[in-house]
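Can you read through this structure? Questions will come right after.
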Amino acid sequence: MSSTVGQVIRCKAAVSWEAGKPLVIEEVEVAPPQNMEVRVKILFTSLCHTDVYFWEAKGQTPLFPRIFGHEAGGIVESIGEGVTDLKPGDKVLPIFTGECKECRHCKSSESNMCDLLRINTDRGAMLEDGKTRFSKNGQPIHHFLGTSTFSEYTVIHVGCLAKINPEAPLDKVCVLSCGISTGLGATLNVAKPTKGSTVAIFGLGAVGLAAAEGARIAGASRIIGVDLNPSRFEEAKKFGLTEFVNPKDHNKPVQEVLVEMTDGGVDRSVECTGNVNAMISAFECVHDGWGVAVLVGVPNKDDAFKTHPINLLNERTLKGTFFGNYKPRSDIPAVVEKYMNKELEVEKFITHKVTFSEINKAFEYMLKGESLRCIISMEN
Ligand code: NAD
Ligand code: ZN
């Protein structure tokens, strides 16, 4: 048994002290896991746009100091009371939305919105006692999404950890812990395009390109990418996108451009931008009679979605999803197996790699629209 069991661990974490200010690598204390909690040694983490929104705190509730990070891979260091599914040494992916396996949602085949552990962006402490497991010189540091993976060690509820194949390379499959599974599942589990259909993808970051990958796997014949950043189009060709639209190139709403291109509208659309106007366009560009739009992007706190009700009466469907409707503990091990069996490629989503001390570079790459996923290696 490791000598750290039951002890406070002192380790490095990237602490965000203030909105929009560079993270600072600090030595922090990480308390032992309590009831139903697990302490995890993070080996690799990556940056998702959701971290950036809450770090910027422009359209979201500010909560500082905080340790961000929710897309990662690690190894169980120790377990708290009541944990029977995991043991020290297990390979795990932390997931921002959990699965208690007991509530109505976990028992429903249609939902992954666990009553106990569903995503909560404003909670900064553990469910068990409302306290943080992180501190620096006695000052508590808030958690983020129940995962806080920008730390060498973190404490996570057992329901937010997917136990995966011990052979899986964490520097690759860590991206399945949020973005790639989210995009893939949004298409395969929620939009469900049929073979030969036309699919529009709004936002060609890692989440959108994973949604496009889902459309390709489902046999879509036309996959149309919509983005304001034209440098995304070249990269996107590797993901099976066949046509591109930049809203800035047109003097009418992009939904009208798409309706014209597709003789009445696309069969499915998946929105992965976080911009409320793109969400409305993604809905209004689907064909009447059968079109389905799926919202994935995280909106600002005060956003409102506005469309004429006739757009719905005309037999269009609007849906939304967290984590592509995957149940983290039940479904993610199988998504990792798809990578292991070479049915799913994740390497093409990984455009940058940095060490933990260079974590602020990952934020710069994302803000400039240069990266899809930047892997942050915790060792060194
Ligand atoms: P990203 O920044 O890498 O990609 C977003 C892309 O959208 C960029 O290429 C940007 O140029 C484009 N874009 C922005 N506004 C646009 C607009 N109005 N029209 C067209 N394109 C526009 O981000 P990402 O990491 O791929 O995440 C995408 C979104 O998905 C974010 O909002 C993120 O918070 C959200 N997300 C949701 C879930 C979920 O479970 N629902 C999970 C992960 C991420
Ligand atoms: Zn994410």
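The values are calculated or read from the model by the stated rules, or taken from the named source; none is laboratory data. Only a predicted model underlies this, so the values are computations on that prediction, with no experimental measurement involved. Virtual Cβ from ideal backbone geometry, glycine too; neighbours counted across all protein chains shown. Surface accessibility is based on the protein's heavy atoms, side chains included, excluding ligands, DNA and RNA. Shrake-Rupley method; radii C 1.70, N 1.55, O 1.52, S 1.80 Å.
Can you pull out the residues in segment 125-137 that are open to solvent by less than 30 Å² (accessible area, probe 1.4 Å), closer than 23 Å to P328 by Cα and either in contact with an Asp or Glu (Cβ under 9 Å, 6 or more places away or on another chain) or assigned to a strand (DSSP E or B) (or both)?
Within segment 125-137, M126, R133 qualify.
Return the residue satisfying two criteria in turn: it lies in segment 345-368 and is assigned to a helix (DSSP H, G or I) and either of a type in the set (D, E) or touching a Pro at 6+ places or on another chain (Cβ under 6 Å) (or both), and of such residues it is farthest from D51 (Cα to Cα).
In this case the residue turns out to be E347.
Taking T97 as the residue in question, decide whether it is touching a helix residue (DSSP H, G or I) at 6+ places or on another chain (Cβ under 8 Å) and of a type in the set (S, T, Y).
yes
In addition: Taking segment 205-220 only, how many residues are in contact with a strand residue (DSSP E or B) (Cβ under 7 Å, 6 or more places away or on another chain) and away from ligand 2 (no atom under 16 Å from the Cβ)?
So the answer is 4.
Further question: Within segment 138-255, considering only strands (runs of 3 or more DSSP E) that don't extend past its boundaries, which have at least 1 residues that are among the hydroxyl-bearing types (S, T, Y) and open to solvent by 10 Å² or more (accessible area, probe 1.4 Å)?
Values: elements: 139-141, 153-157, 161-163, 198-202, 222-226, 243-245.
Counting at least 1 such residues, we get 153-157, 198-202.
Hey, does segment 314-321 have a residue that's within 19 Å of C178 (Cβ to Cβ) and either in contact with a helix residue (DSSP H, G or I) (Cβ under 8 Å, 6 or more places away or on another chain) or modelled with pLDDT of 95 or more (or both)?
Within segment 314-321, one or more residues are within 19 Å of C178 (Cβ to Cβ) and either in contact with a helix residue (DSSP H, G or I) (Cβ under 8 Å, 6 or more places away or on another chain) or modelled with pLDDT of 95 or more (or both).
Determine which single condition P247 fails, assuming it passes every other condition in (1) more than 9 Å from ligand 1 (Cβ to nearest atom); (2) in contact with a helix residue (DSSP H, G or I) (Cβ under 7 Å, 6 or more places away or on another chain).
It is condition (1) that P247 fails.
Consider only pairs whose beta carbons are under 8 Å apart and that are at least six residues apart or on different chains; among these, list those whose first residue lies in segment 199-211 and is over 19 Å from V254 (Cα atoms) and whose second residue is crowded, with 24+ Cβ neighbours inside 10 Å and of a type in the set (K, R).
A206/R373
Could you tell me which numbered condition G185 fails, if it satisfies all but one of (1) small (G, A, S); (2) within 9 Å of ligand 1 (Cβ to nearest atom); (3) farther than 30 Å from G59 by Cβ?
So G185 meets the others, but not (3).
With the structure loaded, tell me whether G179 is near ligand 1 (Cβ under 9 Å from one of its atoms) and under 17 Å from K353 (Cβ atoms) or whether it fails that test.
yes
Give the number of residues within segment 33-58 that are touching an Asp or Glu at 6+ places or on another chain (Cβ under 7 Å), more than 16 Å from ligand 2 (Cβ to nearest atom) and over 26 Å from K87 (Cβ atoms).
Selection size over segment 33-58: 0.
Scan segment 333-344 for residues that are outside any helix (DSSP H, G or I) and more than 25 Å from M113 (Cβ to Cβ) and jot them down.
Residues satisfying the conditions are N341, K342, E343.
So the check is Cβ under 6 Å with 6+ separation or different chains; which pairs have a first residue in segment 362-380 that's under 18 Å from H70 (Cβ atoms) and a second one that's exposed (fewer than 14 other Cβ atoms within 10 Å of the Cβ)?
As it stands, the answer is S377/T355, since those pairs meet every condition given.
While we're looking at this one, here's another question. State which residue is farthest from R216 (Cα to Cα) when the search covers only segment 273-302 and only residues that are assigned to a loop (DSSP other than H, G, I, E, B) and in contact with a Ser or Thr (Cβ under 8 Å, 6 or more places away or on another chain).
K301
In a helix (DSSP H, G or I), at pLDDT 95 or above and more than 27 Å from N112 (Cβ to Cβ): does that describe S330?
Details: in a helix (DSSP H, G or I): yes; at pLDDT 95 or above: yes; more than 27 Å from N112 (Cβ to Cβ): no.
Criteria not met by S330.
Here is a further query. Consider only pairs whose beta carbons are under 6 Å apart and that are at least six residues apart or on different chains; among these, list those whose first residue lies in segment 48-64 and is closer than 14 Å to I359 by Cα and whose second residue is at pLDDT 95 or above and surrounded by 15 or more Cβ atoms within 10 Å (Cβ to Cβ).
Hits for this filter: C48/E71; C48/C178; C48/G179; D51/F68; V52/M366; W55/S16; W55/F68.
Let me ask you something else. What residue, of G98, G82, is out of contact with any Gly (no Cβ under 8 Å at 6 or more places or on another chain), under 21 Å from E128 (Cα atoms) and part of a loop (DSSP other than H, G, I, E, B)? Give the derivation first.
On the way: G98 fails: out of contact with any Gly (no Cβ under 8 Å at 6 or more places or on another chain).
Exactly one of G98, G82 is out of contact with any Gly (no Cβ under 8 Å at 6 or more places or on another chain), under 21 Å from E128 (Cα atoms) and part of a loop (DSSP other than H, G, I, E, B), namely G82.
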